[in-house]
Amino acid sequence: MRAGCIRWPPISQKSGVTNVHAELGTSFANSAVAHPKFCAALVGTLIKGMGADHVLWAPTRFGNGSPQWQIEALRRLEIPEDMQKKYGFAPLGGADSAIKQLIFGGNAARMYRINLKAADNIRMPTFSEDRLAALKSEYELAAKEPSNLRYGYVRVA
């Protein structure tokens, strides 16, 4: 299918289907560096075809390492003007644009019914108060004294 084949309105609105979403993952990672124009067309096609409210950020493949570079790539991605005109893609906007905020988490929060306004009123524990910090502290204390503790079965001769 060519990128220009999808017509407005988005498929989800046109067909009345609301539970179908597109995810940006490995396809985005593979194309962001090697073929940036293809990557722009991919993102533009998904947004145009599904609607910006049905595109999710979901890098699921660990073979690409930490997803931070992919996050930065999407934050910097913009669809070139010639592609916007030729295929009718909407501009993506800046790093913190409404479209990118939807893709990065707004759509997933809505899909999983996470009330972000309610979460704003809950104080997050500081890094020194959470369970991971407590486990780290216990580990550091245990490391000061050598231990001969072993787990498993002991075979009696």
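The values are calculated or read from the model by the stated rules, or taken from the named source; none is laboratory data. Note that this is a predicted model, so its numbers are computed, not measured. Here the Cβ positions follow ideal geometry from the backbone for every residue, glycine too, while neighbour counts run over all protein chains shown. Please note that ligands, DNA and RNA were not included when accessible areas were found on the heavy atoms of the full protein model with its side chains. Shrake-Rupley method; radii C 1.70, N 1.55, O 1.52, S 1.80 Å.
Miscellaneous remarks
- Among the residues of region 76-102, those that are assigned to a helix (DSSP H, G or I) and open to solvent by 70 Å² or more (accessible area, probe 1.4 Å) comprise R76, E81, D82, K85, K86, A98, Q101.
- Odd one out for G63 among (1) modelled with pLDDT of 70 or more; (2) loosely packed, with under 10 Cβ neighbours inside 10 Å: (1)
- Residue check, G105 loosely packed, with under 13 Cβ neighbours inside 10 Å and either part of a helix (DSSP H, G or I) or not aromatic (F, W, Y) (or both): no
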